[in-house]
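Quick notes on the structure that follows.
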Amino acid sequence: MTPLRKVIYKKDKFAKPIWLMRQAGRYLPEFRKIRKKNTNFVKLCLNVKNVKNITLQPLKRYDLDAAIIFSDILMVPLGLGQSVEFKKNFGPFLGPVSIDGIKNYDNRLFKKKLDPVYKSIRNVKRDKLLKNKDLIGFVGGPWTTLVYMLNKSSPKVKLGKIFSDKLLIKDLLKYISNYLTLHIQSQIKSGVNTIQIFDSWAGLVEDKNLHEYIYKPTRKLVEFTKSLKTPCICFPRNIKNYTQYTNNVKPDVISIDYNVNPNEIAKNINIPIQGGMNPKILLSNKKNLEKHTNTYLRIFEAHPYIFNLGHGVLPQTDPSMVQYLIKLVRKFNERSS
Ligand code: CP3
């Protein structure tokens, strides 16, 4: 059984596997080298050879339990015909969107546009570095994907007026969810054995809209993923009530951010838990890293727990700190087994 499945299906409390969001990426010199030669980030995500290499980079360096396919949540808008660009020091920048266009979009065209993603998954899956490890595929949550498609960039403070049109939002969530489902299905068919749903902007939704905008559509994706005998991890960043989210969405694993009190989570949630530690801790020193890592490991000692951070690895991170973090988690495992 692969490391994540031991925790998710067997509820193994001693395993404490580790992988990190953004474990491949800008903090690694070997990534930056490839990135320098590939100035177009979208094209890089669709380059089968590079995607394979980048996905495996952290596994070559570190003793991690899983790989996450190198891609982006904005591949779905791209597959739906919306233009997506990544501008330096700005982030994603999306083009105009046609609601009717999405409603009547051709599934085959969507799959064809994203075929390099699926091909990359098949290639990565075959590599010997993945022996007895998990390969994680992912999508953005329906709400987060919609936020990017309508807002056209990362939201700053407040969402625009268009987000108060409830009928439009509800319809769009439905249409977008169809393609998120298709993307999940195609990734699983190609070889990923776990799905993570990134709902980075879940924290922007008002309480009164949580059911319609977050819980209902996400639960559908979770149910679909589970129906393919694949575990589903949900990461609703900055959500106020993780217990309510978990009870409504019913993921296999709940991934927590660093603003939430891990003691409260350990007390109130009884499904496997992932993550939590602030990625900034990796920017401090080894002693401080040891202190915080052990805090999370101890809090979740009696819990099925996957070690991860409360958000992605920061670009300024020293790779040797990641190495040390993994060593600490392994050391804790040896002690408690
Ligand atoms: O986790 C991994 O290592 C897998 C690859 C991955 C990327 N993006 C690669 C990437 C994953 C899982 C994502 C998810 C993603 N993409 C999210 C959800 C997680 C989160 O960060 O909240 C979001 C919101 C996006 C959209 C996105 N992509 C933004 C806002 C940006 C620019 C800012 C940033 O965080 O870097 C990206 C670019 C991006 N996606 C990079 C990487 C490695 C950096 C590209 C570069 O400039 O080199």
When you check residue 246 against the structure, is it modelled with pLDDT of 95 or more and under 21 Å from residue 210 (Cα atoms), yes or no? yes
Of the residues in region 40-93, those that are surrounded by 20 or more Cβ atoms within 10 Å (Cβ to Cβ), within 12 Å of the ligand (Cβ to nearest atom), in contact (Cβ under 8 Å) with a residue 60 or more places away in the chain and of a type in the set (A, V, I, L, M, F, W, C) number 12
Of all residues in region 312-335, count the ones that are open to solvent by 10 Å² or more (accessible area, probe 1.4 Å) and more than 23 Å from residue 261 (Cβ to Cβ). 14
Just give me the residues in region 218-256 being assigned to a helix (DSSP H, G or I), open to solvent by 60 Å² or more (accessible area, probe 1.4 Å) and of a type outside the set (Ser, Thr, Tyr), in sequence order. 219, 220, 223, 226, 244, 247
Among the residues that make up region 127-139, is at least one of them among the basic types (Lys, Arg) and open to solvent by less than 60 Å² (accessible area, probe 1.4 Å)? yes
Test: residue 33 is surrounded by fewer than 14 Cβ atoms within 10 Å (Cβ to Cβ), within 12 Å of the ligand (Cβ to nearest atom), more than 21 Å from residue 74 (Cβ to Cβ) and not aliphatic (A, V, I, L, M): yes
With the condition kept exactly as written, say whether any residue in region 157-170 is open to solvent by 20 Å² or more (accessible area, probe 1.4 Å), hydroxyl-bearing (Ser, Thr, Tyr), modelled with pLDDT under 95 and within 16 Å of the ligand (Cβ to nearest atom). no
Among the numbered criteria (1) over 20 Å from residue 58 (Cα atoms); (2) in a loop (DSSP other than H, G, I, E, B), which one does residue 311 miss? (1)
Among the residues of region 6-22, are any more than 17 Å from the chain's Cα centre (by Cα) and on the phi > 0 side of the Ramachandran plot? yes
Within region 263-278, identify whether any single residue is within 15 Å of the ligand (Cβ to nearest atom), modelled with pLDDT of 95 or more and surrounded by fewer than 21 Cβ atoms within 10 Å (Cβ to Cβ), and answer yes or no. yes
Given (1) out of contact with any Leu (no Cβ under 6 Å at 6 or more places or on another chain); (2) farther than 23 Å from residue 6 by Cβ, where does residue 196 come up short, assuming only one miss? (2)
Selected residue [touching a Ser or Thr at 6+ places or on another chain (Cβ under 7 Å) and either more than 20 Å from residue 6 (Cβ to Cβ) or open to solvent by 10 Å² or more (accessible area, probe 1.4 Å) (or both)] from 283, 309, 289: 283
Some residue of region 286-295 being closer than 24 Å to residue 144 by Cβ, out of contact with any Gly (no Cβ under 9 Å at 6 or more places or on another chain), more than 16 Å from the ligand (Cβ to nearest atom) and part of a helix (DSSP H, G or I): no
Being in contact (Cβ under 8 Å) with a residue 12 or more places away in the chain, more than 9 Å from the ligand (Cβ to nearest atom) and open to solvent by less than 10 Å² (accessible area, probe 1.4 Å): is that true of residue 15 here? no
Result of the Cβ filter at 9 Å on region 25-37, keeping first residues that are within 14 Å of residue 315 (Cβ to Cβ) and part of a loop (DSSP other than H, G, I, E, B) and partners that are open to solvent by 10 Å² or more (accessible area, probe 1.4 Å) and aromatic (Phe, Trp, Tyr), at least 6 apart or interchain, is 25/70
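The values are calculated or read from the model by the stated rules, or taken from the named source; none is laboratory data. Since this is a predicted model, take the numbers as computed values, not measurements. Quick reminder, even Gly has a Cβ in these numbers, built from the backbone with ideal geometry, and neighbours come from all protein chains shown. Calculation scope for accessible area: heavy atoms of the full protein, side chains included, ligands and nucleic acids excluded. Shrake-Rupley method; radii C 1.70, N 1.55, O 1.52, S 1.80 Å.
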